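**Student:** Mind looking over this structure? Questions follow.
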Amino acid sequence: MRQNNSVTQEHTRRSKAKADGENAFKVRLSIRTALGDNAYAWDTNEEYLFKAMVAFSMRKVPNRETTEISHVLVCNVTQRVSFWFVVTDPLKNHTLPAVEVQTAIRMNRNRINGAFFLNDQTLEFLKIPSTLAPPTDPSVPIWIIIFGVIFCIVIVAVMLLILSGIRQRRRMSKGPTEVDDSEDKCENTITIENGIPCDPLDTKGGHINDAFMTEDERLTPL
Amino acid sequence: MEKARPLWANPLQFVFACISYAVGLGNVWRFPYLCQMYGGGSFLVPYFVMLVVEGMPLLYLELAVGQRMRQGSIGAWRTISPYLGGVGLASVVVSFFLSTYYNIINAWAFWYLFHSFQDPLPWSVCPLNGNRTGYDEECEKASSTQYFWYRKTLNISPSIQDSGGVQWEQALCLLLAWLVVYLCILRGTESTGKVVYFTALLPYCVLIIYLVRGLTLHGATNGLAYMFTPKLEQLANPKAWINAATQIFFSLGLGFGSLIAFASYNQPSTNCQQHAIIVSLINSSTSIFASIVTFSIYGFKATFNYESCLNKVILLLTNSFDLEDGFLTTSNLEQVKGYLASAFPGKYSEVLPQIRNCSLESELATAVQGTGLSFIVYTEAIKNMAASQLWSVLYFFMLLMLGIGSMLGNTAAILTPLTDSKVISSHLPKEAISGLVCLVNCVIGLVFTMEAGNYWFDIFNDYAATLPLLLIVLVEIVAVCYVFGLRRFESDLQAMTGRTLNWYWKAMWAGVSPLLIISLFVFYLSDYILTGTLQYQAWDASQGQLVTKDYPLYALAIIGLLVASSTMCIPLVALGTFIVRRLKRGDTPPVA
């Protein structure tokens, strides 16, 4: 008799898992995607761990500290691996509202993920959106720091060049005796004599004027 | 004693300056697109033909003119014929427009470079929405790289009419870009000559590193095979030939006056024929080299997207039919789909609309050019590489070098005539002249930092330099061959360099090249006239994609003004000179 009772109790509880669709959640695990060759097989022991984690999450909610593992029902396990679960309250013989379960799971998501070596994408609770981690926002955006550094370097370089240019000009205008300075710089420029550029001739070093014939060539050869 | 003209310290600086100017962003983001559109490997045929028939002769002509006349573009053309000073002036106007809008690309490159020092890269993840349960809507509809480009960088408005305000971040980057350019041109050839070593060589270093990385990426061979498979039927397509000619023409930077300016700082005995051949060959080989890199990256990106698409389909089927995790793989996907369709027809037909047809071909066929290639497609590929910060920094640094190298040429084209003019250079030192030019350009360039700035950028990019340049170069060739006289030019060149002019150059200058340019000009004009109203691509934030819109009337007016302001210089100056001469002749009494 007692056995029959427990079987019918189990049966009614199981039917609650299907019937109370709105308080039940579908869970999907992608163990092979996450762990590859280290993937473990999903068996009843893993299910037990799952129920324990859900019960643990519920116990963190005020007024639900007495949730037991047996209050969590799991059914419709497929090969995927996916299944439905629901949390019951045997005292009042109904399933806990979805909102409570949702909040409890969201707050302990990391612990649940960690127990199974999975993450938010590989252990999915459909209808429970995960809180996405906000991107780290440093107080001063990094790009402004780098911009500032390069900006200062360029400004300093521009100032240096302008100042050295002004100094050079002052030196050149101050002394025609300082011609040696400009001579060094002018070794590549054309020297103009009598308005005729000597450049097509030889400008390297001294001022050899190739227009003048050398001694030997002055006399026509015999 | 005349003030000596500054010279390049050695001929290598001149070659590097020309390479650094000619090898620019167009080699990286336009040539690969053309190659893909017009037959892959077979596009190289029209490309090389045009290089030999059009590129080399025109480049040699400009270098020779600059070296012979030893003045900037305005002075050089005025020396050839007093009526042709307008050609030089038109070049300066076009260069002015170009430098105004070109530097905003450097500003964008700086922006991306500065943002590359973060982990994760800001364009690899979408920002979260208000209640942190999902991603921002616009980012979901588009992709994270598109979102970062259109929203975070440009903050683009829905149409050209909504100008919005100046984006201060972009304005700061633009200011920095102009400061860097000013730093490089500050001292004239003295400073430019040293900078061009870096701007010419560093991009090649980065390209080689990228080549090695690109070829070792998973899926790179798909991209390369797709690109280089010749589609010989494209050889019969006239558009392929026209685009090859246009690409050679604009890639070498002819007609802006920059090459004339650079060559004017040469020793007169420099062998500019050799330099012309070297520079044009290097320019074209760089284009091909860059497209090998680009296509291996394309292949990687396409393969990555194709595999993600397949994985999404697999996940969808696994979840809908509760199949065992890991059972569905890419190899048995088709079989299983067939089995599911027959075993569970009802459920399968429900899921069917969500199953996307993943195709590697269609991923590869998405051809992109211009800023979209660099700032959207490349960044998408980079974010999936290992050590993505490093690759991102390298890539945008290379873009910066290419962009600044071209800017040096653009500003030289404007500055050389200004510093040549006795009026201006006697009142202001050359540092002040460069500073003023940079300041004016920077202030005008703030237009491109507004929310609608990218639309104005497209206008300038498409219309400011295309048609006027063709006209300018046509007038240049005609002027040298028929006004100055080809024989006179030939003897001048011989006296200057000591080498005789090959018959090939004479044939090209006198006959083939002008005809080619006239046909290009006619093609462009007819293209504009046939398309009727001009349209542009606007970003629609609600859909997360580009939509086509018509230009408003005032934008069309500005386009017309852009084209007219440079082309009208030629006839107006000629007319003005003619009138002034007539008046002078009328004043002086005729000699008995």
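The values are calculated or read from the model by the stated rules, or taken from the named source; none is laboratory data. From a predicted model like this one, the values you see are computed outputs, not experimental measurements. Methodologically, a virtual Cβ is constructed for each residue, glycine included, from the backbone with ideal geometry; neighbour enumeration extends over all protein chains shown. Just so you know, the surface numbers come from the protein's heavy atoms only, side chains and all, with ligands and any DNA or RNA stripped out. Shrake-Rupley method; radii C 1.70, N 1.55, O 1.52, S 1.80 Å.
**Student:** When the Kirkwood hydrodynamic radius is evaluated over all pairs of different C-alpha atoms of region B:447-592, what value in angstrom, to one decimal, is obtained?
**Tutor:** Its Kirkwood hydrodynamic radius stands at 19.5 Å.
**Student:** Does anything in region B:103-128 have its amide N under 17 Å from the 7 Å Cα→Cβ label point of B:Lys549, and if so which residues?
**Tutor:** none
**Student:** Enter the Cα centre distance for the pair region B:57-123 and region B:1-41, rounded to the nearest angstrom.
**Tutor:** Value for the Cα centre distance between the two parts: 11 Å.
**Student:** For B:Ala557 and B:Leu439, FRET efficiency with R0 = 30 Å and r from the beta-carbon atoms, rounded to 0.05?
**Tutor:** The pair B:Leu439/B:Ala557 has a calculated efficiency of 0.65.
**Student:** May I ask you to find the residues of region B:98-132 that are shielded by at least 50 Å² of accessible area once the whole protein assembly is considered instead of their isolated chain (probe 1.4 Å)?
**Tutor:** B:Phe114, B:Leu128, B:Arg132
**Student:** Determine the alpha carbon to alpha carbon distance for each of A:Lys26/B:Lys301; B:Lys312/B:Lys347; A:Lys26/B:Lys347; B:Lys194/B:Lys506 and list only those over 24 Å.
**Tutor:** Among A:Lys26/B:Lys301; B:Lys312/B:Lys347; A:Lys26/B:Lys347; B:Lys194/B:Lys506, the Cα-Cα distance tops 24 Å for A:Lys26/B:Lys301; B:Lys194/B:Lys506.
**Student:** Using the alpha-carbon atoms, what tilt in degrees (0 to 90, nearest 10) does helix B:333-343 show relative to the longest principal axis of chain B?
**Tutor:** Roughly 40 degrees, rounded to the nearest 10.
**Student:** Label point 7 Å out from B:Ile529 along Cα-to-Cβ: which residues of region B:444-486 have amide N under 17 Å?
**Tutor:** B:467-468, B:471
**Student:** Using the alpha-carbon centroid of each, what span in Å lies between region B:485-561 and region A:67-106?
**Tutor:** Region B:485-561 and region A:67-106 have Cα centres separated by 73 Å.
**Student:** With axes computed from alpha carbons, what is the tilt in degrees of helix B:388-420 against the longest principal axis of chain B, rounded to the nearest 10 within 0 to 90?
**Tutor:** The two axes meet at around 20 degrees.
**Student:** If packing is taken as the mean number of other Cβ atoms within 10 Å per residue, what is the order of B:283-294, B:434-445, highest first?
**Tutor:** Order by mean packing, descending: B:283-294, B:434-445.
**Student:** Just to verify a number: FRET efficiency for B:Leu428 and B:Leu12, C-beta to C-beta distance, R0 = 30 Å, to 0.05?
**Tutor:** Using R0 = 30 Å, I get an efficiency of 0.45.
**Student:** If you take the C-alpha gyration tensor of the protein assembly as shown, multiply each eigenvalue by 5 and take the square root, what semi-axes do you get, largest first, in whole Å?
**Tutor:** 70, 28, 24
**Student:** Once ligands and nucleic acids are excluded and a 1.4 Å probe is used, how much of A:Glu68 is accessible, expressed in Å² to the nearest 10?
**Tutor:** Rounded to the nearest 10, that gives 90 Å².
**Student:** Assuming R0 = 25 Å, can you tell me the calculated FRET efficiency for the pair A:Asp89 and A:Phe117, based on Cβ-Cβ distance, to the nearest 0.05?
**Tutor:** The formula returns an efficiency of 0.20 here.
**Student:** A further question follows. Per the helix-only calculation at 222 nm, which mean residue ellipticity applies to the protein assembly as shown, given -39500 (n - 2.57) for every DSSP H run of n ≥ 4 and division by its residues, nearest 500 deg cm²/dmol?
**Tutor:** Rounded to the nearest 500, it is -19500 deg cm²/dmol.
**Student:** Which peptide among B:537-549, A:51-63, B:520-532 comes first, and what is the full order, when sorted by highest mean count of other Cβ atoms within 10 Å?
**Tutor:** Result, highest mean first: A:51-63, B:537-549, B:520-532.
**Student:** Do any of B:Lys152/B:Lys383; A:Lys127/B:Lys383; A:Lys60/A:Lys92 go past 23 Å between their Cα atoms, and which?
**Tutor:** A:Lys127/B:Lys383
**Student:** Another one. In whole percent, what relative contact order does chain B give with Cα contacts below 8 Å and a gap of six or more residues?
**Tutor:** 33
**Student:** Right, something else. Tell me whether region B:511-568 comes out rounded, prolate or oblate; compute the Cα gyration tensor, take square roots of the eigenvalues as a ≥ b ≥ c, and use a/c under 1.5 as the rounded threshold.
**Tutor:** prolate
**Student:** Another question about this same structure. Under a plain spin-label model, where a point goes 7 Å from the Cα along Cα-to-Cβ, how far apart in nm are B:Leu486 and B:Ser269?
**Tutor:** A separation of 2.9 nm, rounded to one decimal place.
**Student:** Still on this structure, I have one more. Roughly how many percent of the accessible protein surface of the protein assembly as shown is carbon and sulfur, given a 1.4 Å probe and a whole-percent answer?
**Tutor:** It is 62 percent, rounded to a whole number.
**Student:** Could you work out, residue by residue across B:166-172, how many beta carbons of other chains sit within 10 Å of that residue's beta carbon, and then give the average as an integer?
**Tutor:** Across B:166-172, the average partner-chain Cβ count within 10 Å equals 1.
**Student:** Relative contact order (percent) for region A:9-125, with alpha-carbon contacts under 8 angstrom and 6 or more residues of separation?
**Tutor:** So the answer I get is 35 percent.
**Student:** Fully extended, how many nm does the chain gain between B:Leu333 and B:Arg581 (0.36 nm per residue separation, minus their Cα-Cα distance)?
**Tutor:** The span from B:Leu333 to B:Arg581 would gain 81.0 nm if fully extended.
**Student:** Using 0.36 nm per residue of separation minus the Cα-Cα distance, give me the extension gain between A:Val99 and A:Thr78 in nm, one decimal.
**Tutor:** The span from A:Val99 to A:Thr78 would gain 5.0 nm if fully extended.
**Student:** Compute the Rg to Rh ratio over region B:187-261 from the alpha carbon atoms, using the Kirkwood formula for Rh, and round to two decimal places.
**Tutor:** Reported Rg/Rh (Cα atoms, Kirkwood Rh): 1.13.
**Student:** Additional query: Hey, what does the equivalent ellipsoid look like for chain B, semi-axes from the Cα gyration tensor as sqrt of 5 times each eigenvalue, largest first, whole Å?
**Tutor:** Output for chain B: semi-axes of 49, 26, 23 Å.
**Student:** Residues of region A:71-90 with accessible area at least 10 Å² lower in the all-protein-chain context than alone (1.4 Å probe)?
**Tutor:** Correct list: A:Thr78, A:Gln79, A:Arg80.
**Student:** Cα extents of region A:9-125 along the three principal axes, largest first, in whole Å?
**Tutor:** 45, 29, 22
**Student:** Modelled label-to-label distance, A:Leu132 and B:Ser349, 7 Å Cα→beta-carbon offset: nm?
**Tutor:** Those two pseudo-labels are separated by 3.6 nm.
**Student:** So, for the protein assembly as shown, what is the accessible surface per residue at a probe of 1.4 Å, expressed in square angstrom?
**Tutor:** Solvent-accessible surface per residue comes out at 48 Å².
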